[in-house]
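The values are calculated or read from the model by the stated rules, or taken from the named source; none is laboratory data. Keep in mind the model is a prediction, meaning the values are calculated, not measured. Positions of Cβ are generated from backbone atoms using ideal geometry, with glycine treated the same way; all protein chains shown enter the neighbour counts. Each accessible area value is taken on the protein alone, full model and side chains, heavy atoms only, with ligands, DNA and RNA left out. Shrake-Rupley method; radii C 1.70, N 1.55, O 1.52, S 1.80 Å.
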Amino acid sequence: MRYPVIIALDPPRGEDPVRWSIRIIDLLHGGPAGYKIGLPLLIRAGPKVAGDIASVMPADAIKVADLKLADIGPIMVLTASTAIEAGYTHVIAHPFMGVEGGLGELSDYLRSVGAELILLASMSNPGAARYFDQFIDEFVMMGARIGAWGYVAPATRPHIIRRVKEVLKKTPKPAAKIVSPGIGAQGQRPWAAIKAGADYEIVGRAITRADNPAEALERLYGRP
Ligand code: BMP
């Protein structure tokens, strides 16, 4: 891994999702720390093909299934298990479900299969400031209680990243990771989230839709 970047594989409409994703992974190969798929890919391609895509990612890549789970525990487990069985290593869930009958069951399942939970501490769209941002401290404390591997915090609002980092210090898992979307297409500059304390920046369109994705990765992240 050369860059602290997780590439969001959101295939544009009109592209074959499999060919498009495999081409990007081939072009970037071991550069990014990981890759993230979400519903735009899963719904169009299905879990079998999502598995084929995971299998061309480098073995040590972080393979995130961005399912943004928000359901009762057993249903989140059912949904997550599809992605885990397809080869993904990390699953993103909403924190609002709480632990009892919700995230507790999901985190128990993920632990039992050696996979990791990423909780949304907040989101990168401006509207999240009104709701999500009010509960950051509680969400991070909750994540620590259930052993979350990490948190999504918005690159678009670096003070939220700093806040997550602060709260983490008071938990039993201060080294939990922070992953931050919002770079490029959503307006933030590369490295801004890392400088605020994030471990990885999630980047989609600024790299995947460039004429030359490998050159774009190098241009954005070649030097801090
Ligand atoms: P892009 O760099 O093209 O804006 O893509 C960002 C990616 O991160 C998308 O896959 C989106 O679903 C995801 N994301 C986000 O943009 N903001 C969040 O708060 C959480 C996300 O998962």
Any aspartates and glutamates whose Cα falls less than 19 Å from that of Lys170, other than same-chain ones fewer than 8 residues away, would be Asp133, Asp137, Glu138, Asp199
Counting only residues 5 or more apart in sequence or on a different chain, those whose built amide H sits under 5 Å from that of Ala70 are His94
Taking a probe of 1.4 Å and leaving out DNA, RNA and ligands, the chain shows per residue an accessible area in Å² of 45 Å²
Quick numbers on the chain, Rg and Dmax over C-alpha atoms in Å, give 16.4, 47
For region 1-78, shape from the Cα gyration tensor axes a ≥ b ≥ c, cut at a/c of 1.5 then a/b versus b/c, turns out oblate
A 1.4 Å probe over the protein heavy atoms gives region 137-224 a carbon and sulfur accessible-area percentage of 50 percent
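Taking N as the number of residues in region 118-224, what value does Rg over Cα atoms divided by 2.2 N^0.38 Å take?
Cα Rg divided by the expected 2.2 N^0.38 Å: 1.09.
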Stretched fully, the stretch from Tyr131 through Arg23 gains (0.36 nm per residue minus C-alpha distance, one decimal, in nm) 35.1 nm
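Calculate the tail of P(r) for region 48-159: the fraction of all Cα-Cα distances greater than 20 Å, expressed in %.
40 percent
Quick one: which of Lys169/Lys195; Lys48/Lys165; Lys63/Lys173; Lys36/Lys165; Lys63/Lys165 span more than 25 angstrom between C-alpha atoms?
In this structure, Lys48/Lys165 exceed 25 Å between Cα atoms.
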Rounded to the nearest Å, the spacing of the alpha-carbon centers of region 151-170 and region 5-62 is 27 Å
Phi-derived 3J(HN,Hα) across region 199-210 with the Karplus relation (6.51, -1.76, 1.60, θ = phi - 60°), rounded Hz, x for Gly and Pro, is 8, 9, 9, 8, 10, x, 4, 4, 10, 5, 9, 6
In region 71-191, taking the dipole from +1 charges on Lys and Arg beta carbons and -1 charges on Asp and Glu beta carbons about the Cα centre, the listed residue (Val167, Ile75, Ile146) farthest towards the positive end is Val167
For region 137-152, Karplus-derived ³J(HN,Hα) couplings (6.51, -1.76, 1.60; θ = phi - 60°; whole Hz; x for glycine and proline) come out as 4, 4, 5, 5, 4, 5, x, 5, 4, 9, x, 4, 5, x, 9, 8
About its Cα centre, region 25-181 carries a charge dipole, from +1 on Lys and Arg Cβ atoms and -1 on Asp and Glu Cβ atoms, whose size in debye to the nearest 20 is 500 debye
